[in-house]
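Trainee: Dropping the structure in here first, questions after.
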Amino acid sequence: MQGKEGPEIRTHQTDQKELGKKRIPLREGLFVMPSRPGEKPCLLGSRCKGCGKMAFPPRSVCSDCYGEELERVPLSAKGQLYTYTIIGYPPPGLTAPYAIGYVDLPEGVRVFSILTEWDQRGLKVGMEVELVLDKFRDDKEGNEILTYKFRPLQEGRES
């Protein structure tokens, strides 16, 4: 749905339940959760109306011109892996090994993210990656807390 201010952006989805459990975003306003089958998630950024600077996560003040007129915009779900590292000794709550890295999106935004569905020998700087929403942890009520991650884009995978 398109309004005066651009596309309608839904950041929370409460109707997706599995055995009475909800899927809840780690933090409101970081990404759009799909509400229909086949719909893809996207990250939410901000664009300064004064200078056009894009940012993620969304900001209320532009880091370039210090303007305060910013709008929320959906960001591309595909990008290129700028750099990464593999962590062998995790903090509590994470399992090793896991990978983290920076992803460059076409809008000129560089996003820090956990990487998922990777093969240690298959990660390459410059490779194409795509956004996915994945479980981060369960809350005290057993609901899934979701976060954004990027995974390598593979030929033949429906994206």
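Trainee: For the range 2-152, restrict the atom set to alpha-carbon positions and state the Rg and Dmax in Å.
Mentor: Values for the range 2-152 (Cα only, Rg and Dmax): 16.5, 49 Å.
Trainee: What is the dipole size for the range 2-152, taken about its Cα centre, with +1 at each Lys and Arg Cβ and -1 at each Asp and Glu Cβ, in debye to the nearest 20?
Mentor: Roughly 100 debye for the range 2-152.
Trainee: Please report the antiparallel percentage of the DSSP beta bridges confined to the range 2-152, to the nearest 5.
Mentor: 90
Trainee: In addition: Which of the GluC sites (Glu not before Pro) found in the range 97-145 are loop residues per DSSP with 13 or fewer other Cβ atoms within 10 Å of their Cβ?
Mentor: GLU141
Trainee: Let me ask you something else. Counting only C-alpha contacts under 8 Å and six or more residues apart, can you give the relative contact order of the range 2-152 as a whole percent? If you can, show how the numbers build up before the last one.
Mentor: Details: 312 pairs, mean separation 29.4, N = 151.
Normalised by residue count, the contact order of the range 2-152 is 19 percent.
Read-outs throughout are calculated quantities, based only on the coordinates presented, and are distinct from any laboratory measurement. Just so it is clear, the model here is predicted, and its values are computed rather than measured. Counting neighbours? That spans all protein chains shown, and the Cβs are built from the backbone with ideal geometry, glycine included.
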